[in-house]
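*Asks:* This structure is in structure tokens; I'll ask about it shortly.
Laboratory data are not the source of any read-out in this text; all were calculated from the coordinates shown. Bear in mind the structure is a predicted one, so any value in this text is a computation, not a measurement. Glycine gets a Cβ as well: all are built from the backbone with ideal geometry, and neighbour counts include every protein chain shown.
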Amino acid sequence: MTHQVFNQPPPLTGHDVAEDAALREAAEREGAGWAAGDLHRLGKLAGDAEAQRWADEANRYEPRLLTHDRYGHRLDEVEFHPSWHRLMDVAVTEGLAGTAWADKRPGAHVARAAGFFVWSQVEAGHACPISMTYAVIPALRQSPELAAAYEPLLTSRVYDPGLRAPERKRGLLAGMGMTEKQGGSDVRANTTTATASADGWRLRGHKWFTSAPMCDLFLVLAQAPGGLSCFLVPRVLPDGSRNVFRIQRLKDKLGNRSNASSEPEFDDTAAWLVGGEGQGVRTIIEMVATTRLDCVIGSASGMRAALSQAVHHARHRAAFGGPLMEKAAMRNVLADLALESEAATALAMRLAGALDRASRGDSAEQAFRRLAVPAGKFWVCKRQPAVVGEALECLGGNGYVEDSGLPRLYRDAPLNSIWEGSGNVQALDVLRALHRSPESAEAFFAEVGAAGGADRHLDTAITDLRERLADPSDPEVRARRVVERMALVLQGSLLVRYAPAAVADAFCASRLGGDWGQTFGTLPAGADISAILERAAPT
């Protein structure tokens, strides 16, 4: 009897990760309904046991830096487990890297976002180079000659790893090198220098965080005579020789273990100017804005993955005389987590829709995106650690064991709140947008105002938000509170318009009505827990 296994949930495998009501509905209304078949095919692969094994192995057998060969020649290569390459191959083949920029169909970026949401639930680390490859293209287009040379390969669906001349490959990956040890997010403090040469520019300096150093191309910020400028740095030059890209070490990180993050050193490194000299921040900001969007999508994806594990466990585990799913306290916790997940999904997909329409010339959507992306990143990325931590607790001791997959989700959870600018950077960016782009505030309030009159908590919150934004006192001190409120109001407006009444009512009453505790599982009396949970269960 002691070796019989009972009252343990079966593995969460063999399901369709894309069978997610909030995601499906958002993809449809944002213009990507035509991609449903591909999304479900990817969802079934994401729910397969083999894909989950790839994720485990890619993190268990971490990337290894090879600085030199046996003879002492510099290599500066990173060796990955085969399962990393399998994850990458699926992501690129499914068009989650740069492909959407070559797809002329309305909704192409929304379809890509939905796929990124689904596939990132398998493993988050490999999403970093996928995201950077997606985001590099709008920045690269500021130098048409470079875009013409490299965009066809950056939008390819072929995963072609290995350091070779870009022109000899069938597909490329891109990264970025912005921060330095003395400046971090304050990139204007960078000391890497750029000197004009007969065939372009030469860089000298050191970068503090450059993820995915095995990529083929990098956008790098350096100080040129005309000021901080953006440069394209290839790992391999057109003649097949290695560019100087000396990887000093790989970072020993809290999470994101499958993904190599490095410190490269440039020493007479060949580079080409992207955009105008002295316009480095303005040039690379489109890449930053796009990767910030992926931070929101990735955090929403991580929330959904954790929620699915918690709900699955509660459906198959009995305690204190009955199934966990029938216990009132557990149901309230799970429903509260489900609200957070659905609100994050709705916001992430709305932002993807804004990018899609802005890329096709919609100025109102561009204005909305300018404010909503940093606000969304600020809030959604901060909620992920709380959601994953609570979901882990739902599994009890089982959730604290590596085999459950929750510890990896928990370690990965804080990253998106840090990457591409921490909370303060996002809050200050919102203040900057409000000051410099008043049309962004108009677009934001037009968006949330579309739900006006449908929920009293939302109406009160919109009025309160306007008053807070009109208050000129101590804007930096109040910035985080104001941006948090902006994100919650935006989420509430989306749910009021598009989610079932049970979801919208509970979200607005708790998050906007002031009747929400400091922990999950404190939804107000009268919340339709059954209707909320019905949308949350993995199938």
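*Asks:* Using a 10 Å Cβ count of at most 14 others and DSSP loop calls, identify the longest part of the chain lacking such chymotrypsin sites (Phe, Trp or Tyr not before Pro). Display every interim value, and only then the final one.
*Replies:* Working: sites that count: PHE6, TYR71, PHE320.
Value returned for the longest uninterrupted segment is 72-319.
*Asks:* Rounding to the nearest 10 and keeping the result within 0 to 90°, find how far the Cα-based axis of helix 108-120 lies from the longest principal axis of the chain.
*Replies:* 70 degrees
*Asks:* A follow-up question, please. List the residues whose amide H sits under 5 Å from the amide H of VAL274, counting only those 5 or more places along or on another chain, with H placed 1.01 Å from N in the peptide plane.
*Replies:* Residues meeting the criterion, in which the H sits 1.01 Å from N, are CYS230, PHE231, LEU232.
*Asks:* Can you list the aspartates and glutamates whose alpha carbon sits under 14 Å from that of LYS169, skipping same-chain ones fewer than 8 residues off?
*Replies:* Answer for LYS169, where 14 Å is the Cα cut-off: GLU151, ASP160, ASP216, ASP239, listed by chain and number.
*Asks:* Which distance in Å, rounded to a whole number, links the C-alpha centroids of region 309-354 and region 1-18?
*Replies:* Taking the Cα centre of each part, region 309-354 and region 1-18 sit 18 Å apart.
*Asks:* Further question on the same structure: Which residues' amide hydrogens lie under 5 Å from the amide hydrogen of ASP16, considering only partners 5 or more residues apart or on another chain, with H built in the peptide plane?
*Replies:* Residues meeting the amide H criterion: THR539.
*Asks:* Among the lysines, select those whose C-alpha is under 27 Å from the C-alpha of LYS44, and discard any that sit fewer than 8 residues away in the same chain.
*Replies:* LYS104
*Asks:* Helix 49-60: angle to the longest alpha-carbon principal axis of the chain, degrees 0 to 90, nearest 10?
*Replies:* Between the helix axis and the principal axis of the chain, the angle is about 60 degrees.
*Asks:* For each of ASP464, ASP38, count neighbouring Cβ atoms within 10 Å of the residue's Cβ, then give the residues from fewest to most. Working shown, then result.
*Replies:* On the way: ASP464 13, ASP38 16.
Placing the least packed residue first, the sequence is ASP464, ASP38.
*Asks:* As an exercise, identify the trypsin sites (Lys or Arg not before Pro) in region 44-119 lying in DSSP coil whose Cβ has no more than 14 other Cβ atoms within 10 Å. Walk me through the numbers before you get to the answer.
*Replies:* Details: sites: LYS44, ARG53, ARG60, ARG64, ARG70, ARG74, ARG86, LYS104, ARG112; in loops: ARG70, LYS104.
Sparse-neighbourhood loop trypsin sites (Lys or Arg not before Pro): ARG70, LYS104.
*Asks:* LYS253: which lysines have alpha carbons under 23 Å from its alpha carbon, excluding same-chain residues fewer than 8 sequence positions away?
*Replies:* LYS181, LYS207, LYS377, LYS382
*Asks:* Over all directions, what mean area does the Cα convex hull of region 369-433 project, stated in square nanometres? Don't jump to the answer; show the numbers that get you there.
*Replies:* Details: hull surface 17.8 nm².
The directionally averaged projection comes out at 4.5 nm².
*Asks:* Please identify the GluC sites (Glu not before Pro) of region 1-70 that satisfy two criteria: DSSP loop assignment and at most 12 other Cβ atoms within 10 Å. Which are they? Show your work: numbers first, answer last.
*Replies:* On the way: sites: GLU19, GLU25, GLU28, GLU30, GLU50, GLU57; in loops: GLU19.
Answer in residue order: no site qualifies.
*Asks:* Below 13 angstrom from the Cβ of LYS251, what's the summed charge of the other residues (Lys, Arg +1; Asp, Glu -1)?
*Replies:* Cβ neighbours under 13 Å give a net charge of +2.
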